[in-house]
Amino acid sequence: MEGVVYKSTGSWYWVKTNEGVLHQCKIKGKFRIRGIKSTNPIAVGDRVVIELEKKGDEEIGIIKTIKERNNYIVRKSVNLSKQTHVIAANLDVVFLLITINNPPTFTTFIDRFLVAAQAYRIKVVLIFNKIDAYEIEESAEVLYLKDIYEPIGYTCLEVSATQNKNVASIKALMKGKTAMFVGHSGVGKTTLVNAIDPNLNLKTQEISAQHKQGQHTTTFAEMFDLSFGARIIDTPGIKGFGVVDMDKYELGDYFPEFFKRKQHCKFNDCLHLKEPKCAVKEALETEEISWSRYKSYLQILEAEEESEHYRTDIWDEDKL
């Protein structure tokens, strides 16, 4: 029988069949997915084929096959830098939650996530959360960031879960789809998800005053069915996001504003560095391209280590 993986703890998988029955499952042997060097062979959102086996009075599902993925999104493995961890698969839309402070979300983090999503053909909506708590300076920063990302094609929403602002707009974008919410710990993912569907009643925790970071409440990614015909994948908070196995000559293609101008560069293999007659550099000088986006591009291109604020290889949890 076929089903979808709703939760994974690394050794056990909860699979909901097409008939709506949830089974606790395991895998036998080792799965290898072509082209993916992953620490976890199966991820939340995967479509799988299972068989049921009797073990005493219990019935255990055995995952036999993983069906081909439409897309997936990965991060670097914590301990094995050459491998990746698949966060989730078969996504229709990802909502990236951004806060100006408490905790701050930096453009380097935003851009790295957008590049990864663009590479794996995943739509991203930017959610500027907690806007009810912002003073004039923070509100101005939101407008500044929207001026960067809206013109290059990203939907941006200003949201307050506590005041119910634009929550209905998010629900409209989610209806009939599988969505994932991501962001640093403390950006308000769980509060927002509870506002979208109060029946879930997920646990929340306060921001750590000492570190201005959230105290993580989600250890593993998990999918939930929502009352209005959508599915949501709740994830652990992310400290940083690494870009994995990306060819330097393709990197610019995942910046939509770079890709748009690529054909006007003098050289077909232009890296937008010191080459003459580079359309991207010309657009940068006329401020048609944001300097923060170009800086992110250079950091990824040069494989620079991020500062402590921008660490790329870990999530908030020690283990996943």
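The values are calculated or read from the model by the stated rules, or taken from the named source; none is laboratory data. Remember, it's a predicted structure, so these values are computed and weren't measured experimentally. Note that we place each Cβ from the backbone using ideal geometry, even for glycine, and neighbour counts take in every protein chain shown. Each accessible area value is taken on the protein alone, full model and side chains, heavy atoms only, with ligands, DNA and RNA left out. Shrake-Rupley method; radii C 1.70, N 1.55, O 1.52, S 1.80 Å.
Scanning the stretch 1-27 for residues that are outside any strand (DSSP E or B) and touching an Asp or Glu at 6+ places or on another chain (Cβ under 6 Å) gives a single hit, Asn18. For Asp147, the conditions (1) in a helix (DSSP H, G or I); (2) within 18 Å of Ile232 (Cβ to Cβ) are fulfilled apart from (2).
Name the single residue that is least open to solvent (accessible area, probe 1.4 Å) among those in the stretch 114-132 being part of a loop (DSSP other than H, G, I, E, B) and closer than 23 Å to Ser160 by Cα. Selected residue: Asn129.
Among the residues making up the stretch 133-174, those that are under 17 Å from Ile110 (Cβ atoms) and open to solvent by less than 50 Å² (accessible area, probe 1.4 Å) are Glu138, Val142, Leu145, Lys146, Ile148, Tyr149, Ile152, Tyr154, Cys156, Leu157, Glu158, Val159. Of Val244, Val280, all but one fail to be among the β-branched types (Val, Ile, Thr) and modelled with pLDDT of 95 or more; the exception is Val280. From the list Ala117, Ala89, the lone residue that is in contact with a Phe, Trp or Tyr (Cβ under 8 Å, 6 or more places away or on another chain) and not β-branched (Val, Ile, Thr) is Ala89. Taking (1) under 27 Å from Ile170 (Cα atoms); (2) at pLDDT below 85 in turn, Val78 satisfies each apart from (1).
Residues being at pLDDT below 85 and either aromatic (Phe, Trp, Tyr) or part of a strand (DSSP E or B) (or both) are represented in the stretch 230-237 by at least one member.
All of Ala88, Ala133 fail the test of being modelled with pLDDT under 95 and in contact with a Gly (Cβ under 8 Å, 6 or more places away or on another chain), apart from Ala88.
Report yes if Ile98 is more than 22 Å from Ala116 (Cβ to Cβ), open to solvent by less than 30 Å² (accessible area, probe 1.4 Å), of a type in the set (A, V, I, L, M) and modelled with pLDDT of 90 or more, otherwise no. No.
Applying the condition of being modelled with pLDDT under 85 and outside any loop (DSSP other than H, G, I, E, B) to the stretch 191-223 and asking which residue is most open to solvent (accessible area, probe 1.4 Å) yields Gln213.
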